[in-house]
């Protein structure tokens, strides 16, 4: 349905594109096309609203333009917009039952308290759900509308955070957050499976070798065999398990930071530009392509953008604030003297100030975190305005580079 809505949108003249017009077309299609009528009307309306919201995000500059979705590269999900259709009931301490349209009663694992029965009211109720399928199976996510009191201002201190590869989250006060998993193997290459234990890594290696062996017998443009597809599914399960562990660590770490500090300062990073390939072109080939590829893989594994997103809403939930500062030269400037001296960044993990009058030495990420906090204290926080970042600095305060 998403693909047909996108096809209809692209064929419709720009002067006639509107949500109401597409809604009328969708209602007429449900009367004429059988498989449209099989899908619940509310689920079809949810797809239309999601598609139109995707265009709004594109117009506001928050996302790219919507495109066609493929079955392989797209997460399978079904929306249930009405909460009254679910008829949720808790049958056990760990299990609950929900009614899924066109499916019936299904059992789900009860992991959080839900406003059902006498606990449900106009201010605290379930408004809908979404079924999502990944490599580990089907999951259900409930949308809960609740009325929560405004949090009191957080009384914690200020902290600057620098996201890195060797040290995931370096804090300006030295309370660094490390997940205890080395980003690189003994040979220096990036460890893309650091969230798996040794037994799981060995199993993943066997599955990848088995998949490569079975792929060698496959002819061009030939459909994958069931055995090969089963091997791919087993590989996806291990990858999904590693991703779940990484996200769980991020949730626990960001929650602890939001509870501890009242003001959190991070860098304004353009991650898409940081992970671009260094391959170059035929006329101008790049240098250190393999090293840059390993660094890009390590950056993507750390998921810095997801960490900032979690900190944004968790600090607001606990009464704190999150600020962003410009990223240039935060890792090259000495946090003790304020000067940028060539050769101070000796390696990825060590910073030694080459200024004869300073000589400060310490962890490179810790030095960057101190610079991040200093930029905020000097008034160089980025304030979003009209879809872009604007630097506002109080009068009489010089930039950090002029100290």
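What follows is calculated from the coordinates using simple rules that are stated; it is not laboratory data. All of these numbers come straight from a predicted model, not from anything done at the bench. Quick reminder, even Gly has a Cβ in these numbers, built from the backbone with ideal geometry, and neighbours come from all protein chains shown.
Using Cα springs under 10 Å in a Gaussian network model of the chain, which residue among 301, 82, 250 shows the largest mean-square fluctuation?
With Cα springs under 10 Å in the chain, the top fluctuation among 301, 82, 250 is at 82.
With the Cα gyration tensor of region 267-392 giving a ≥ b ≥ c as the square roots of its eigenvalues, does the rule (a/c under 1.5 for rounded; else a/b larger than b/c for prolate; else oblate) give rounded, prolate or oblate?
Numbers: a/c = 1.84, a/b = 1.10, b/c = 1.66.
Oblate shape, in that a/c is at least 1.5 and b/c is the bigger or equal ratio.
Gaussian network model of the chain, Cα springs within a sub-10 Å range: biggest mean-square fluctuation belongs to which of 54, 258, 381?
54
Between helix 19-32 and the chain, what is the angle of the helix's C-alpha long axis to the longest principal axis, kept within 0 to 90° and rounded to the nearest 10?
Between the helix axis and the principal axis of the chain, the angle is about 40 degrees.
In 5 Å bins starting at zero, report the fraction of Cα pairs in region 181-244 per bin as a rounded %.
Pairs per bin, as whole percents: 3, 16, 22, 21, 15, 11, 7, 3.
Stretch residue 213-residue 113 to full length: gain in nm at 0.36 nm per residue minus the Cα-Cα span? All intermediate terms of the calculation are to be shown ahead of the outcome.
Numbers: separation 100, 0.36 × 100 = 36.00 nm, distance 4.71 nm.
Gain in length upon complete extension: 31.3 nm.
Hey, fewest Cβ within 10 Å first, where do 276, 201 land in order? Can you show the working numbers first?
Working: 276 9, 201 16.
So the ranking, lowest neighbour count to highest, is 276, 201.
Which angle from 0 to 90°, rounded to the nearest 10, does the C-alpha axis of helix 289-302 make with the longest principal axis of the chain?
It is inclined by approximately 70 degrees.
Determine the gain in length on full extension of the stretch residue 63-residue 306; use 0.36 nm per residue of separation and subtract their C-alpha separation, reporting nm with one decimal. Numbers along the way, then the final one.
Details: separation 243, 0.36 × 243 = 87.48 nm, distance 1.52 nm.
Extra length available between residue 63 and residue 306 comes to 86.0 nm.
In nm, what is the difference between 0.36 nm times the number of residues separating residue 85 and residue 249 and their Cα-Cα distance?
55.6 nm
With a ≥ b ≥ c the root eigenvalues of the C-alpha gyration tensor of region 79-145, is it rounded (a/c under 1.5), prolate (a/b larger than b/c) or oblate?
On the way: a/c = 1.62, a/b = 1.32, b/c = 1.22.
Note, shape of region 79-145 comes out prolate.
May I ask for the Rg/Rh ratio of the chain, computed from Cα atoms with Rh as the Kirkwood radius, given to two decimals?
On the way: Rg = 25.7 Å, Rh = 25.6 Å.
Rounded to two decimals, Rg over Rh is 1.00.
Pick from 284, 123, 267 the residue whose mean-square fluctuation is largest in a GNM of the chain, springs joining Cα atoms under 10 Å.
Comparing 284, 123, 267 in the GNM, the peak value goes to 284.
What's the angle, to the nearest 10 degrees (0 to 90), between helix 304-317's Cα axis and the longest principal axis of the chain?
So the helix axis and the longest Cα principal axis differ by about 80 degrees.
In which sequence would 353, 358, 58 go, from the one with the fewest C-beta neighbours within 10 Å to the one with the most?
On the way: 353 23, 358 16, 58 13.
The most exposed by this proxy come first: 58, 358, 353.
Give, in whole angstrom and from largest to smallest, the semi-axes √(5λ) of the equivalent ellipsoid of region 18-64, with λ running over the eigenvalues of the Cα gyration tensor.
Values: eigenvalues 123, 23, 9 Å².
After scaling each eigenvalue by five and taking roots: 25, 11, 7 Å.
Taking R0 as 30 Å, what FRET efficiency do you get between residue 377 and residue 279 from their Cβ-Cβ distance, rounded to the nearest 0.05? Present the calculation step by step, with values, prior to reporting the outcome.
Numbers: r = 41 Å, r/R0 = 1.35.
Calculated transfer efficiency: 0.15.
Efficiency by 1/(1 + (r/R0)^6): what FRET value for residue 291 and residue 148, r their Cβ-Cβ distance, R0 = 51 Å, to the nearest 0.05? Show your work: numbers first, answer last.
Numbers: r = 48 Å, r/R0 = 0.93.
The computed FRET efficiency comes out at 0.60.
Taking neighbour counts of Cβ atoms within 10 Å as a proxy for exposure, in what order, fewest first, do 27, 192, 71 appear? Please list the in-between numbers first.
On the way: 27 13, 192 17, 71 6.
Starting with the residue having the fewest Cβ neighbours, the order is 71, 27, 192.
Assuming R0 = 60 Å, what is the FRET efficiency of residue 10 and residue 349, from their Cβ-Cβ distance, to the nearest 0.05? Present the calculation step by step, with values, prior to reporting the outcome.
Values: r = 50 Å, r/R0 = 0.83.
The computed FRET efficiency comes out at 0.75.
Helix-only mean residue ellipticity at 222 nm, the chain, DSSP H runs n ≥ 4 weighted -39,500 (n - 2.57), per residue, nearest 500. What is it? Present the calculation step by step, with values, prior to reporting the outcome.
Numbers: 10 runs with 147 residues, N = 403.
Rounded to the nearest 500, the figure is -12000 deg cm²/dmol.
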